[in-house]
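Below is one structure, written out as structure tokens, with a few remarks after it.
Each reported figure results from applying straightforward, stated rules to the coordinates on display, with no laboratory input. Note that this is a predicted model, so its numbers are computed, not measured. Cβ sites come from the backbone with ideal geometry, for glycine too, and all protein chains shown count toward neighbours.
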Amino acid sequence: MAMQPPPSRYKVVERGRRLEVIDTRTGKPASSAVRVPERERSGKAGAGIDTDVFVTKRWYDDKAPRRIRLNFVNRQRLLSLRWGIAIGVAILVVLSFLFWPLAVLLVFALAAGPKLRAQLRTASTRWLDALDQ
């Protein structure tokens, strides 16, 4: 005679195009929605590399604000990007001391060119889309 496992305590139902887990003993949802810390709800969350969620900003992401869940691989990508940006800024500072008149013109050209800023933001958005997959 084969043994039958006991019936499951939980069942999954669709409500309003969303799946919910229902506790069959109480008839209520097994858990409420994912709890979002207060600092994330208020929009005061930082870059989020040290947390589980990365919140993007409008100045570098066309689809902002969006929350990107971070796993180990994504966190490592962001950390390596942070190091790359830090090294790039350090090189730019050294070059600006060596060629200071050209550095002033370069900063003005980058700040004044909305087309270049839009292209950089589009490239950043594509990179973040790949990170979000």
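The table that follows gives values for the structure above.
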item	result
Charge context of Thr125, other residues only, Cβ under 12 angstrom, K/R +1, D/E -1	+2
Sorted peptide list for 105-111, 58-64, criterion being average Cβ within 10 angstrom, highest first	58-64, 105-111
Counting all C-alpha pairs of segment 38-132, share separated by more than 22 Å (%)	42
